[in-house]
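The next block holds one structure in the form of structure tokens; read it before the comments.
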Amino acid sequence: MSKQNQKFVEEIKKARGIKENVKILLFARSAGRCELCNELLIKDKITSQAVLWGEMAHIYAFNLGGSRSDEKNLYKNDVENLILACPNCHEKIDKNGQDKFYSIEYLKNAKVNHEKKIRLVTAPKQDGETKVLSMVANINNEVCKLSMFDIVEALMRKGLYSCEENIEEIDFTSTLALNNGLYWNSKKEEIDQIISKFYSDLRRNKIKHVSIFAIGPMPLLMYLGSKIDNKIKTSVFQRHRDGEGWCWNKSKSIAEYEFRLIKEGGDKTKVAFLLSLSGFVNQELLPDKIRQNYYIYELFVSPNPNYNFLRSEIDLFNFEKNYSTAISTIKNNHGNLKQICVFPAAPAPVAVVCGRSLNKNSDPKLRIFNTYNKGKFKYILTIN
């Protein structure tokens, strides 16, 4: 046995009489992570040196009188009765009185769910590798969050896995969203810098798929979308309000979209476009000159916009088709149109897709407006 293998065996030889092949199997099935809190147990967090510091915790107590002891299940050291745990979780579940919380059923379920996730993530996949980009920005006074667990779970459901342990993050949560030009311009510059690095890394490593997780104000989401390469296969994920998960529902598409002209204007070069998806855009909140002088079009969810229309990835795909058709119709109706004023009430993935779907060479510029605390819409930024 090599010195490295000898050291491995010595490090994990901590439980009472547990065979070496059982210990190795437990480390393998848990991917070296605590099966309760998911802490990585094969590397020191401070020094980053390889070290095995996991402990073998019994589900049924090894001896009579221990936490979760059962006369019919004593002295079991097989892999099904063991959980790989960090020292903190091991001590916690074995404290007197804790077995009413950390019951046999609870620990069994934790073990089954953790090991199932490991199998799903490591199962062979064809073209399952993806490069992940996340963007989180506060909405008005709401502080938004996105966890790595949410990302991994959503990717797994779609048969994807991240090509790197540390994903690319755009995190604006350290500052509240402010309704001023300085805020928006600074965030645009940060997005530009990170996106440039993101696609440089992607091309260098020859990754062929991108996954986007984004939440924040509409203008920033649309700007982010406009910077995403629409020639590379990309999945955009949605945070659902029921449970706040990011996994796409596999049910059939239920959303239907309609496009209409709701007001004719006096000048065909002046066009407004309302995206009434999570709710109807209140026309009373539009700037006066737009309400009075512009042609106003609307793309909306039929019969009534709502927060829950975007359930499946097919719903998003169908929106993109209807959105592209709407942009083409506006262009055809208005000749050599230079720009469109856009007023969005939409979920985050829709905003990203609105920016990403634009034809960079032929589509008009989009002037994005935003409403703050239900006040009047104000111009924020331009994309394309």
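Here is a yes/no grid of residues against (1) among the aromatic types (Phe, Trp, Tyr); (2) touching a residue at least 60 places away in the same chain (Cβ under 8 Å); (3) assigned to a strand (DSSP E or B); (4) within 24 Å of Ile232 (Cβ to Cβ):
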| residue | (1), (2), (3), (4) |
| --- | --- |
| Lys111 | no, yes, no, no |
| His114 | no, yes, no, no |
| Ile118 | no, yes, no, no |
| Thr130 | no, yes, yes, yes |
| Ser134 | no, yes, yes, yes |
| Lys145 | no, no, no, no |
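Hey, Tyr372 hits all of (1) under 16 Å from Leu286 (Cβ atoms); (2) assigned to a strand (DSSP E or B) but one; which does it fall short on?
(2)
Please verify whether Ser196 is among the polar types (S, T, N, Q) and touching a residue at least 40 places away in the same chain (Cβ under 8 Å), treating the condition exactly as stated.
Numbers: among the polar types (S, T, N, Q): yes; touching a residue at least 40 places away in the same chain (Cβ under 8 Å): no.
Judged against the criteria, Ser196 is not a match.
Step by step: first the residues of the range 90-101, then only those that are in a loop (DSSP other than H, G, I, E, B) and either over 19 Å from Cys37 (Cβ atoms) or without any contact (Cβ under 8 Å) to a residue 12 or more places away in the chain (or both), then the one that is most open to solvent (accessible area, probe 1.4 Å). Which residue is that?
That would be Asn96.
Assess whether Leu366 counts as being open to solvent by less than 10 Å² (accessible area, probe 1.4 Å), part of a strand (DSSP E or B), touching a helix residue (DSSP H, G or I) at 6+ places or on another chain (Cβ under 8 Å) and more than 17 Å from Ala137 (Cα to Cα).
Criteria met by Leu366.
Consider Asn81 carefully, then state whether it is of a type outside the set (Val, Ile, Thr) and crowded, with 17+ Cβ neighbours inside 10 Å.
yes
Which numbered condition trips up Ile83, out of (1) within 30 Å of Thr173 (Cα to Cα); (2) in contact with a strand residue (DSSP E or B) (Cβ under 7 Å, 6 or more places away or on another chain)?
In the conditions (1) within 30 Å of Thr173 (Cα to Cα); (2) in contact with a strand residue (DSSP E or B) (Cβ under 7 Å, 6 or more places away or on another chain), Ile83 misses (1) alone.
Residue pairs, Cβ under 8 Å, 6 or more apart or interchain, first in the range 156-172 and more than 19 Å from Ile118 (Cα to Cα), second assigned to a loop (DSSP other than H, G, I, E, B) and polar (S, T, N, Q). List them.
What qualifies is Phe172/Asn138.
Among the residues in the range 68-89, are any under 26 Å from Leu41 (Cβ atoms) and touching a residue at least 60 places away in the same chain (Cβ under 8 Å)?
The answer is yes, given that some residue of the range 68-89 is under 26 Å from Leu41 (Cβ atoms) and touching a residue at least 60 places away in the same chain (Cβ under 8 Å).
Check off (1) at pLDDT 95 or above; (2) of a type in the set (Phe, Trp, Tyr); (3) open to solvent by 10 Å² or more (accessible area, probe 1.4 Å) for Tyr372 and give me the number that stays unchecked.
(1)
Quickly run through the range 61-73 and pick out the residues that are open to solvent by 40 Å² or more (accessible area, probe 1.4 Å) and assigned to a loop (DSSP other than H, G, I, E, B).
The answer is Asn63, Leu64, Gly65, Ser69, Asp70.
Keeping to the range 147-182, report how many residues are over 14 Å from the mean Cα position of the chain (by Cα), part of a helix (DSSP H, G or I) and hydrophobic (A, V, I, L, M, F, W, C).
So the count comes out to 1.
Working carefully through the options Glu35, Glu129, Glu55, find the one that is surrounded by 13 or more Cβ atoms within 10 Å (Cβ to Cβ) and over 30 Å from Ser211 (Cα atoms).
Every option except Glu55 fails the conditions.
Within the range 260-292, count every residue that is over 21 Å from Met218 (Cα atoms) and among the aliphatic types (A, V, I, L, M).
Result for the range 260-292: 2.
Assess whether Ile42 counts as being modelled with pLDDT under 80, of a type outside the set (D, E, K, R) and open to solvent by less than 80 Å² (accessible area, probe 1.4 Å). Walk me through it before giving the result.
On the way: modelled with pLDDT under 80: no; of a type outside the set (D, E, K, R): yes; open to solvent by less than 80 Å² (accessible area, probe 1.4 Å): yes.
So Ile42 fails the test.
Quick grid of which residues meet (1) modelled with pLDDT of 90 or more; (2) touching a helix residue (DSSP H, G or I) at 6+ places or on another chain (Cβ under 7 Å):
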residue: Thr47; (1), (2): no, no
residue: Ala50; (1), (2): no, no
residue: Leu74; (1), (2): no, no
residue: Val79; (1), (2): yes, yes
residue: Ala85; (1), (2): yes, no
residue: Gly97; (1), (2): no, no
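Of the residues that make up the range 189-205, is at least one of a type outside the set (D, E, K, R) and either over 26 Å from Asn361 (Cβ atoms) or part of a strand (DSSP E or B) (or both)?
Within the range 189-205, one or more residues are of a type outside the set (D, E, K, R) and either over 26 Å from Asn361 (Cβ atoms) or part of a strand (DSSP E or B) (or both).
Of (1) farther than 17 Å from Tyr223 by Cα; (2) under 19 Å from the mean Cα position of the chain (by Cα); (3) open to solvent by less than 50 Å² (accessible area, probe 1.4 Å), Lys117 satisfies all except one. Which?
(3)
The values are calculated or read from the model by the stated rules, or taken from the named source; none is laboratory data. Keep in mind that what you see is a predicted model, and the values were worked out from it rather than measured. Here the Cβ is made from the backbone with ideal geometry for all residues, glycine too, and neighbour counts use every protein chain on show. Surface accessibility is based on the protein's heavy atoms, side chains included, excluding ligands, DNA and RNA. Shrake-Rupley method; radii C 1.70, N 1.55, O 1.52, S 1.80 Å.
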